[in-house]
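*Asks:* Would you mind keeping the following structure in view while I ask a few things?
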Protein chains: 2
Amino acid sequence: MKRSLGRKTLILPAPTWVVGTYDSQDRPNLMTAAWGGICCSKPPSVCVSLREATYSYRSIIGREAFSVNVPSADQTQIADYLGIVSGRDVEKFAAAGLTEVRAEHVDAPLIREFPLNLECRLIHTLKIGLHTLFVGEILDVKADESILNEKGRPSLEKLNPPIFSTGEAAYYGIGEALGPAFEIGKRLVESE
Amino acid sequence: MKRSLGRKTLILPAPTWVVGTYDSQDRPNLMTAAWGGICCSKPPSVCVSLREATYSYRSIIGREAFSVNVPSADQTQIADYLGIVSGRDVEKFAAAGLTEVRAEHVDAPLIREFPLNLECRLIHTLKIGLHTLFVGEILDVKADESILNEKGRPSLEKLNPPIFSTGEAAYYGIGEALGPAFEIGKRLVESE
């Protein structure tokens with residue numbers, strides 16, 4: 001039995017990503033964003049949506065760049081903190097005990113302690129309503145050796161990033177492996 | 001120690017969502033998409049990115065509508081199947097043993113068996129490259145009673161949707177609760 005919940009952003013899952021930027025005074029800032037996703041394979045691109053009222057908004061436009069930094073489950077408290085305070089009031093890297101690393105390819109700061117960092121060049125800006133969607137072309141992905149699988153790719157299980165639950169306003173970790181993609185569905189094709 | 005992985009869509013997590021559409025002959029189609037996310041709170045909106053070569057692409061533009069259907073972990077094989085075959089060749093609802101339900105507010109089909117369904121009206125189309133990003137305003141969310149928490153909101157733990165791991169091409173379920181959002185980070189504010 002289904003229940004109608006109305007016009008709400010109640011879809012699951014959502015990521016817990018931290019967007020890194022430099023402001024006009026070259027001060028680094030960080031902001032947690034759950035409104036985002038991969039949006040293109042070629043060029044490889046990711047989108048994040050921010051309210052115009054955020055301090056990060058103008059910095060992304062000013063530098064035409066941002067980073068996306070992915071925490072692991074044991075950094076959930078830090079990621080949550082970075083979404084509560086504003087960069088107008090606090091130097092968040094220092095306040096959260098994080099280390100700023102300048103990105104190689106774009107004008108944005110990376111979080112050394114977070115295991116996965118993306119360097120993104122702003123290629124599209126789309127004002128939707130309360131939020132504006134920023135599309136960033138991914139110019140590099142930096143991953144800690146500890147989260148790579150035997151093929152050198154980021155493992156969801158090893159990274160164990162906090163997954164954001166929109167309606168509950170809560171975080172969850174990663175659970176059991178459910179099988180290989182583009183593979184387990186073939187059994188249904190073969191049984192046709 | 002970090003390793004540079006280059007210009008790739010290696011960010012985590014990604015969702016496993018199934019997009020529902022009607023084609024020009026009123027045939028329902030389904031397609032699994034991992035490139036997507038929430039993109040605005042007002043109007044409540046979600047984006048999904050599709051290649052122009054997909055059969056669903058023209059249907060979204062033709063009807064200015066799509067649905068997003070979220071499976072639970074025990075439906076991962078079906079979701080994977082829906083991403084392997086094309087609606088040009090197969091009537092996927094029938095082939096996957098799924099039941100089509102017409103959306104109430106938009107011209108798109110919903111999957112009865114999937115616990116969470118969104119009815120989306122196309123409000124923006126942004127061609128990025130290989131993929132085109134479609135922004136859908138969420139006109140309704142329909143959720144099975146079994147996945148709602150005590151406040152009537154979708155629970156990530158109860159839904160347990162497959163999370164897509166991009167670099168590994170694998171699915172994982174949801175794990176342990178990591179704490180309430182906009183709450184656990186306050187401990188860092190107070191300790192400043």
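FYI, it's all coordinate maths here, none of it is from the lab. Bear in mind that the values here come from a model prediction, so they are computed numbers and not experimental data. Cβ coordinates were reconstructed from backbone atoms using ideal geometry, including for glycine residues, and neighbour counts include every protein chain displayed.
*Asks:* Quick one: 3J(HN,Hα) in Hz for segment A:29-34, Karplus 6.51/-1.76/1.60 with θ = phi - 60°, rounded, Gly and Pro as x.
*Replies:* So the Karplus estimates, Gly and Pro as x, are 9, 9, 8, 7, 9, 10 Hz.
*Asks:* Same structure again: Suppose each label sits 7 Å from its Cα in the direction of the beta carbon; what would the B:ILE123-B:ARG7 distance come out to in nanometres?
*Replies:* About 3.3 nm separates the two model spin labels.
*Asks:* Per the helix-only calculation at 222 nm, which mean residue ellipticity applies to chain A, given -39500 (n - 2.57) for every DSSP H run of n ≥ 4 and division by its residues, nearest 500 deg cm²/dmol?
*Replies:* -3500 deg cm²/dmol
*Asks:* So what's the net charge close to A:PRO43: Lys and Arg +1, Asp and Glu -1, counting the other residues with Cβ under 10 Å from its Cβ?
*Replies:* Spelling it out: positives minus negatives among the neighbours equals +2.
*Asks:* Please report, in whole Å, how far the alpha carbons of the protein assembly as shown spread along each principal axis, starting with the longest.
*Replies:* Result for the protein assembly as shown: principal-axis Cα extents of 57, 42, 36 Å.
*Asks:* Further, regarding this structure: Using only alpha-carbon positions, what ratio does the radius of gyration of segment B:112-192 give when scaled by 2.2 N^0.38 Å?
*Replies:* That ratio works out to 1.50.
*Asks:* Here's another thing I want to ask about it. So what J values fall out for segment A:121-131 if you push phi through Karplus, 6.51 cos²θ - 1.76 cosθ + 1.60 with θ = phi - 60°, rounded to Hz, Gly and Pro as x?
*Replies:* Each residue of segment A:121-131 in turn: 9, 5, 10, 8, 10, 10, 7, 9, x, 4, 9 Hz.
*Asks:* Every other copy gets compared here: list the nm distances from the B:ARG7 label point (7 Å along Cα to Cβ) to its counterparts, shortest first, one decimal.
*Replies:* With the label placed 7 Å along Cα→Cβ, B:ARG7 yields 4.0 nm.
*Asks:* Nothing charged except the Cβ atoms of Lys and Arg (+1) and of Asp and Glu (-1): what's the magnitude of the dipole of segment A:1-143 about its Cα centre? Round to the nearest 20 debye.
*Replies:* Rounded to the nearest 20 debye, it is 780 debye.
*Asks:* Let me ask something else. For B:PRO180, which inter-copy label distances result when the label point lies 7 Å beyond Cα on the Cα-to-Cβ vector, reported in nm to one decimal and in ascending order?
*Replies:* In ascending order, 4.4 nm.
*Asks:* Another question about this same structure. How would B:HIS105, A:HIS131 line up from fewest to most surrounding beta-carbon atoms within 10 angstrom?
*Replies:* B:HIS105, A:HIS131
*Asks:* Using the Kirkwood radius over Cα pairs, work out the Stokes-Einstein diffusion coefficient for chain A at 10 °C and 1.306 mPa s, in µm²/s as a whole number.
*Replies:* 90
*Asks:* Moving on. Kindly provide log₁₀ I(q)/I(0) values, in the same order as q = 0.17, 0.26, 0.35 Å⁻¹, from the Debye equation applied to equal alpha-carbon scatterers of segment A:14-54.
*Replies:* Values, matching the q order: -0.55, -0.95, -1.14.
*Asks:* Then there's this: Determine the distance separating the Cα centre of segment B:29-78 from the Cα centre of segment A:112-148; give it in Å without decimals.
*Replies:* 21
*Asks:* From the label point of A:LYS151, set 7 Å from Cα along Cα→Cβ, how far away are the matching label points in the other copies, in nm, ordered shortest to longest?
*Replies:* 3.9
*Asks:* Inside 10 Å of the C-beta atoms of A:28-40, what's the mean count of C-beta atoms belonging to other chains?
*Replies:* 6
*Asks:* By Cβ position, which chain A residue lies least far from the axis that rotates chain A onto chain B, and what is the distance to the nearest whole angstrom?
*Replies:* Looking at chain A's Cβ atoms against the axis toward B, the nearest is A:GLY37, 1.
*Asks:* From the phi angles alone, apply the Karplus equation (6.51, -1.76, 1.60; θ = phi - 60°) to segment A:68-79 and give each ³J(HN,Hα) in whole Hz, x where the residue is Gly or Pro.
*Replies:* For segment A:68-79, the Karplus-derived couplings read 10, 10, 10, x, 9, 3, 6, 10, 4, 4, 5, 4 Hz, x marking Gly and Pro.
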